[in-house]
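The values are calculated or read from the model by the stated rules, or taken from the named source; none is laboratory data. This is a predicted model, so every value here is computed, not measured. Cβ placement follows ideal geometry from the backbone for every residue including glycine, while neighbour counts extend to all protein chains displayed.
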Amino acid sequence: MTAAGRLPALEVRHLTVSYGARPALWDVDASFPAGAMSAIVGPNGSGKSTLIRAALGLVPADAGQSSVDGRPARSALDRVAYVPQREAVDWDFPITVREVVEMGRYRHAGWVRRLRARDREVVDSALERVGMAALARRQIGALSGGQRQRAFIARALAQEAGLMLLDEPFQGIDARTEAALLGLLGELRDAGTSLVVVHHDLATVRAAFDWALVLNVRAVAQGPVGEVMTAEILRRAYGAASLGLDDQALEDALWAG
Amino acid sequence: MGGLISLIPLPYPDAVVALGALVLGVTAGVLGAFAVLPRRSLVGDALAHAALPGVCLAFILTGAKDPAALLAGAAVAGLVGAVLIILIERTSRIRPDAAIGVVLSVFFSLGIVLLTAISHSGNAQQAGLERYLFGQAAGLVERDVVVMGLVGAAGLSLVLVLLRPLRAAMFDREFAGSIGLPVRALELATTVLLVAAIVIGLRMVGAILMVAMLVVPAVAARQLTGRLGPLLLVAAGVGALVGVSGALLSARAEAPTGPVVVLVGVLLVVALLLLAPGRGVLWGWARRRRERRRESATALLVDIESLMHAGPPPTLEQVALASARPRPHLRRALRDLDRAGLVAHDGERLRLTESGAAAAHAALERRRLWSAWLEHGWQIGVPGAVEPDPRDLRGSLGDQAADRLERLAREAAA
């Protein structure tokens, strides 16, 4: 799945970030292959979201660099589409679904000029692709959790970026929407987009993803899911007690998805 | 300027006041939205209070009541207050609301002390400075309006240029950062916009109540529209309406302008909170009440239907015992059914009419369809991002999906 010789889609080196005294990430080296669907897994507070946000320069890093397609990430932001956690957003804000998706074209269209016909076409097809075309004129607060996430993913699609970063995209949405969106992300991967997804459901990682980074402040392991998502490695990341499963049950759970 | 004022069909002093209030209303209405929407209204309040010592210091330094100098002082003090709020928030563990409270009270106290000192200084020029507390529309002169207009035009042009980045940063800060927008600089820009609005309003509305001119138009406009562009236009209109009517009223009544403007504005906001189409609280109540009554009537319909299956037509008393619902609810539901012609009375006993039986069957059908959805829904594909609505599953999923569900339910039963 990874073309030989292609640079990693996203790479961080020696990344250290701290909030207050405690490090959230400590000297993390990680790289995510191009054209693959990668997951970042780890317990709560292990720095999964921080890794993505620091890689994009949204939180200041104490040390380390990040690169996208081999270029410093801050100068390659036009190649990245980021879907932040939905809790960060004010849902009563006066904005329609379509206007949210149009934000994905701001960088292409320029900050001040009107959107061109081509931008509007991209927005239309992004809405169509996530099944939200009929709801485009709704105020964003009038949507269900799953529909909001569809709108956010449509905005990322409209960015037409080679790398898509999603932070807990399936938290708090219904199983039907999760399956539909997971399928859509798979289609994007097949079409050549690189994806990095912060994910909490260990069972679906093995079934749906190609590559995984297991994180707990430090990088515990990374590689193809078949090699990384093992009971032994996960126990190291999570601590055995917190999973409450013996090895066999854990293996079964991982393969069940 | 003089030409513009002569166009207004009012006596000259009133015309100046009206024009000034118009400039203030439009500017504060639009710029205030950038305090209300990111939930920073109290920052606007703190900055208005913080402007007062700036006015006093400018007077002490220049020794005259030149509007441009006084407002420049207000702007500088407002910006210093804004920077202090941001510094306190970022460098200490003090929360934003506390930081706002501290800056507001410290600056305002300083302003009052300076104001008192000036009034005891014996400077003949000082009379009237205290109008910066509560505002005074009467006595506004053309030169004031010119200064207000220039500051307002600058603020509104900045909004026009930055509208798209500002919208992105206010709605979704994280995303805005990820597409390379300088989010902190934009937040600073919105603060500068607020200070501009405050500087314009200080003379007319006063430091204490200026926040109302910022908040009222945006809140009123949000009741009427769910999009930012129209919201800014409506807020400008509301600001103009509230500002002009409040200023003229206060000038006639020789009352301080601030309180009059606030009272006019609050009347408007209360009316819109209650009555705005879609968002009005009253409509919400009425809608919920209607839905409860409809559900209650449908439940009675279904109860009568099932009791009629079990035996002779029931009395209301028997329905009450079977359904364990309070009798007043049942009596009201029965009145609704009567009015719709769905039940017939045989003395005490209740029967469903033909249309009543059809309605009861339709209600049962909807319940069965929902059960089928819960049981077999995972097997059928649903187009797009539709949300199943228990009360009208067929309407929300479409006929095709509903037919498939019914088929699956029949196959499972067979």
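Residues are listed down the side, and each one gets a yes or a no for (1) farther than 12 Å from A:Val28 by Cβ; (2) under 16 Å from the mean Cα position of the chain (by Cα):
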position	(1), (2)
A:Ala54	no, yes
A:Val59	yes, no
A:Ala63	no, no
A:Arg74	yes, no
A:Leu77	yes, yes
A:Val80	yes, yes
A:Val83	yes, yes
A:Arg86	yes, yes
A:Val89	yes, no
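Quick check: is even one residue across the stretch A:217-239 assigned to a loop (DSSP other than H, G, I, E, B), at pLDDT below 85 and surrounded by fewer than 16 Cβ atoms within 10 Å (Cβ to Cβ)?
Scanning the stretch A:217-239, I find at least one residue that is assigned to a loop (DSSP other than H, G, I, E, B), at pLDDT below 85 and surrounded by fewer than 16 Cβ atoms within 10 Å (Cβ to Cβ), so the answer is yes.
Against the definition (part of a loop (DSSP other than H, G, I, E, B) and touching a residue at least 12 places away in the same chain (Cβ under 8 Å)), how does A:Pro23 come out, yes or no?
Here the answer is no, as A:Pro23 does not meet what is asked.
Residues in the stretch A:125-139 that are at the interface with chain B (Cβ under 8 Å from one of its Cβ atoms) and either crowded, with 17+ Cβ neighbours inside 10 Å or touching a Cys at 6+ places or on another chain (Cβ under 7 Å) (or both): how many?
Residues meeting the conditions: 6.
Among (1) on the phi > 0 side of the Ramachandran plot; (2) touching a residue at least 24 places away in the same chain (Cβ under 8 Å), where does B:Gly122 come up short?
That leaves (2) as the condition not met.
Search the stretch A:232-246 for residues that are closer than 15 Å to A:Asp201 by Cα and pair each with any residue that is at pLDDT 60 or above and small (Gly, Ala, Ser) when their beta-carbon atoms are under 6 Å apart and the residues are at least 6 apart or on different chains.
What qualifies is A:Ala237/A:Gly42.
If A:Gln159 satisfies all but one of (1) within 10 Å of chain B (Cβ to nearest Cβ); (2) within 21 Å of A:Ala9 (Cβ to Cβ); (3) at pLDDT below 95, what's the number of the condition it fails?
(3)
Would you mind stating whether A:Pro84 is in contact with a Gly (Cβ under 7 Å, 6 or more places away or on another chain), surrounded by 15 or more Cβ atoms within 10 Å (Cβ to Cβ) and of a type outside the set (Ser, Thr, Tyr)?
Here the answer is no, as A:Pro84 does not meet what is asked.
Assess whether A:Val68 counts as being farther than 30 Å from A:Arg235 by Cα and buried (at least 24 other Cβ atoms within 10 Å of the Cβ).
yes
Taking B:Gly226, is it of a type outside the set (A, V, I, L, M), surrounded by fewer than 24 Cβ atoms within 10 Å (Cβ to Cβ) and either more than 17 Å from the chain's Cα centre (by Cα) or within 14 Å of another protein chain (Cβ to nearest Cβ) (or both)?
Yes, satisfied.
Just checking, which of B:Ala82, B:Ala21 is closer than 19 Å to B:Ala207 by Cβ, modelled with pLDDT under 95 and surrounded by fewer than 24 Cβ atoms within 10 Å (Cβ to Cβ)? Break it down into steps so the answer makes sense when it comes.
On the way: B:Ala21 fails: surrounded by fewer than 24 Cβ atoms within 10 Å (Cβ to Cβ).
Result of the check over B:Ala82, B:Ala21: B:Ala82.
Looking only at the stretch B:340-381, which residues are of a type in the set (Val, Ile, Thr) and crowded, with 18+ Cβ neighbours inside 10 Å?
Hit for the stretch B:340-381 is B:Val343, nothing else.
Determine the pairs where a residue that is away from chain B (no Cβ under 14 Å), located within the stretch A:176-198, has a partner that is acidic (Asp, Glu) with Cβ atoms under 8 Å apart, the partner being 6 or more residues away or on another chain.
A:Arg189/A:Asp210
Find the helices (runs of 4 or more DSSP H) located wholly in the stretch B:105-189 whose residues include 1 or more that are under 25 Å from B:Ile5 (Cβ atoms) and within 14 Å of chain A (Cβ to nearest Cβ), and list them.
Correct list: B:142-171.
Tell me yes or no: at least one residue of the stretch B:355-370 is under 30 Å from B:Ala402 (Cα atoms), within 14 Å of another protein chain (Cβ to nearest Cβ) and not aromatic (Phe, Trp, Tyr).
The answer is no, given that none of the residues of the stretch B:355-370 is under 30 Å from B:Ala402 (Cα atoms), within 14 Å of another protein chain (Cβ to nearest Cβ) and not aromatic (Phe, Trp, Tyr).
Can you find even one residue in the stretch B:280-294 that is touching a Leu at 6+ places or on another chain (Cβ under 8 Å), over 28 Å from B:Gly347 (Cα atoms) and of a type outside the set (A, V, I, L, M, F, W, C)?
Within the stretch B:280-294, one or more residues are touching a Leu at 6+ places or on another chain (Cβ under 8 Å), over 28 Å from B:Gly347 (Cα atoms) and of a type outside the set (A, V, I, L, M, F, W, C).
As an exercise: evaluate B:Arg407 against (1) under 24 Å from B:Met308 (Cα atoms); (2) in a helix (DSSP H, G or I) and give the number of the one condition it does not meet.
All conditions pass for B:Arg407, except number (1).
Take residues that are among the acidic types (Asp, Glu) and tell me which of the helices (runs of 4 or more DSSP H) falling wholly in the stretch B:225-312 contain 2 or more.
Of the helices (runs of 4 or more DSSP H) lying wholly inside the stretch B:225-312, those with at least 2 residues that are among the acidic types (Asp, Glu) span B:281-310.
Which residues, counting only those in the stretch A:125-151, are over 23 Å from the mean Cα position of the chain (by Cα) and in contact (Cβ under 8 Å) with a residue 40 or more places away in the chain?
Those that are over 23 Å from the mean Cα position of the chain (by Cα) and in contact (Cβ under 8 Å) with a residue 40 or more places away in the chain: A:Ala136, A:Arg137, A:Arg138, A:Gln139.
Quick test for you: out of B:Leu10, B:Leu42, B:Leu31, pick the one residue that is assigned to a helix (DSSP H, G or I), out of contact with any Pro (no Cβ under 9 Å at 6 or more places or on another chain) and away from chain A (no Cβ under 14 Å). Steps first, please.
Values: B:Leu10 fails: assigned to a helix (DSSP H, G or I); B:Leu42 fails: out of contact with any Pro (no Cβ under 9 Å at 6 or more places or on another chain).
So the residue among B:Leu10, B:Leu42, B:Leu31 that is assigned to a helix (DSSP H, G or I), out of contact with any Pro (no Cβ under 9 Å at 6 or more places or on another chain) and away from chain A (no Cβ under 14 Å) is B:Leu31.
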